Structures are given as C-alpha cells and as structure tokens.
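Visitor: Once you've had a glance at the structure underneath, I'll fire off some questions.
The values are calculated or read from the model by the stated rules, or taken from the named source; none is laboratory data. Given the structure is predicted, the values throughout are model-derived calculations rather than measurements. For neighbour counting, all protein chains shown are included, and Cβ atoms are generated from backbone atoms with ideal geometry for every residue, glycine included.
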Amino acid sequence: MKKSLHRGGWDALNLYATTAGAYLGWAYFPGLPDARQYLDGIVVDWESMPGASSRYATRYDLGHTATHEVGHWIHLHHVFNGACNNWGDYVDDTPPQRIATRGCPIGQDSCAEPGIDSIHNYMDYSYDSCYNQFTKGQAARMQDAWLHYRATG
C-alpha cells in the first residue's frame, strides 16, 4: 500500500488510515535509507479517528493515536522506553516510567526515581481522554529531529 500511495520527500507526512489489525497504529523513526523512503509515514487504525463507530469507543477514539505516531515519525520514543533506567526516552524532562499506562490512573508512579508517570503524555499508552501534552524537552527533540532528518525534503 505505501509503495503505491507515498507522496513527497522526507518532509512530507503521509498518514494512512486503514484497518491496522492488532495495533492502533505504527510509524518508522526518521533516518530510513533513501531506497526505503516509501515506508516513511504513519499508519493508524481508522477506528481510532474521531467520529468512527469504533471498537475503541471511549478509550482510543479521539484521534490521539495519530498524534502518538507522529511523535515517533519525528523521533520521540515511548515515555516508558528503558523502564526505570536513566536514559529512558532520551528526554530529560520526562520522569522514568517502568510500564506502559492502561487507562488514566492519576498519580501512578512505577519507578522509585522522582516524578510520577507521564500518563498525560502523548507518548504513553493512556486512553485518548487522558492525553494532553508533550514536554518542552520533547518539543526540543522534535525540532532537532525536524532540522536533522526532515527539513531536507
């Protein structure tokens, strides 16, 4: 599908809404070899989009799967990447998080290090109604990734 539909260069975000099967969506990080450029873009299950009559109703139906996948497309990792290790998601202002969030458990704290889990962060697995933020550090990482990988067209 991507090979025939992909348009534009590295700076073009191709979004494919389809039946994604076992996943709500997926994306490749930037930096694919030029010969694989057709893989670039994000895929989301159409039922995770606003207005869809959905098996995800009340959990993942506000379109934030697309926001999450764009985060990967612009080089963000999950906030639970690395569990409680200091390197985590390679962003200094997201606290370490051992596990992916399910639901919207206010106050969840899965690591001994300071800071509660980032359940409101788009790069977690919370319900769509819980998401509302990227951090300043994530914004800086996205800007750096845009300049390094994407702005070249």
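Visitor: List pairs: first in the range 136-153 and under 16 Å from G31 (Cβ atoms), second outside any loop (DSSP other than H, G, I, E, B), Cβ under 8 Å, 6+ apart or cross-chain?
Guide: Pairs found: M142/G71.
Visitor: Take the range 1-59 and flag every residue that is touching a Ser or Thr at 6+ places or on another chain (Cβ under 8 Å), aromatic (F, W, Y) and more than 27 Å from S126 (Cα to Cα).
Guide: W10
Visitor: Additional query: Mind checking which residues of the range 1-47 are surrounded by fewer than 15 Cβ atoms within 10 Å (Cβ to Cβ), of a type in the set (D, E) and either touching a His at 6+ places or on another chain (Cβ under 6 Å) or closer than 22 Å to H64 by Cα (or both)?
Guide: The one that is surrounded by fewer than 15 Cβ atoms within 10 Å (Cβ to Cβ), of a type in the set (D, E) and either touching a His at 6+ places or on another chain (Cβ under 6 Å) or closer than 22 Å to H64 by Cα (or both): D11.
Visitor: Name every residue in the range 98-153 that is outside any loop (DSSP other than H, G, I, E, B) and more than 16 Å from L76 (Cβ to Cβ), in order of residue number.
Guide: Those that are outside any loop (DSSP other than H, G, I, E, B) and more than 16 Å from L76 (Cβ to Cβ): D128, S129, C130.
Visitor: For the subset of the range 1-24 comprising residues that are in a loop (DSSP other than H, G, I, E, B) and of a type in the set (F, W, Y), which member is nearest to H148 (Cα to Cα)?
Guide: In this case the residue turns out to be W10.
Visitor: May I pose another question? Name the pairs whose Cβ atoms lie under 6 Å apart, with the first residue in the range 64-85 and in a helix (DSSP H, G or I), the second among the charged types (D, E, K, R), and 6 or more positions between them or separate chains?
Guide: Here the result reads H64/D128, each pair linking the range 64-85 to a residue that is among the charged types (D, E, K, R).
Visitor: Based on this model, can you work out whether D128 counts as crowded, with 16+ Cβ neighbours inside 10 Å and modelled with pLDDT under 95?
Guide: Taking the combined requirement at face value, the residue satisfies it.
Visitor: What is the residue count in the range 1-53 for residues that are in contact with a strand residue (DSSP E or B) (Cβ under 9 Å, 6 or more places away or on another chain) and of a type in the set (S, T, N, Q)?
Guide: Selection size over the range 1-53: 4.
Visitor: Inspect all residues belonging to the range 25-48 and state whether any of them is farther than 21 Å from L147 by Cβ and in a loop (DSSP other than H, G, I, E, B).
Guide: Scanning the range 25-48, I find no residue that is farther than 21 Å from L147 by Cβ and in a loop (DSSP other than H, G, I, E, B), so the answer is no.
Visitor: Taking the options Q138, Q143, Q97, Q108, name whichever one is buried (at least 20 other Cβ atoms within 10 Å of the Cβ) and more than 13 Å from the chain's Cα centre (by Cα).
Guide: Q97
Visitor: Now a separate question. Out of all the residues in the range 51-84, which are over 17 Å from T101 (Cα atoms) and more than 17 Å from the chain's Cα centre (by Cα)?
Guide: Matches in the range 51-84: G51, A52, S53, S54, R55, A57.
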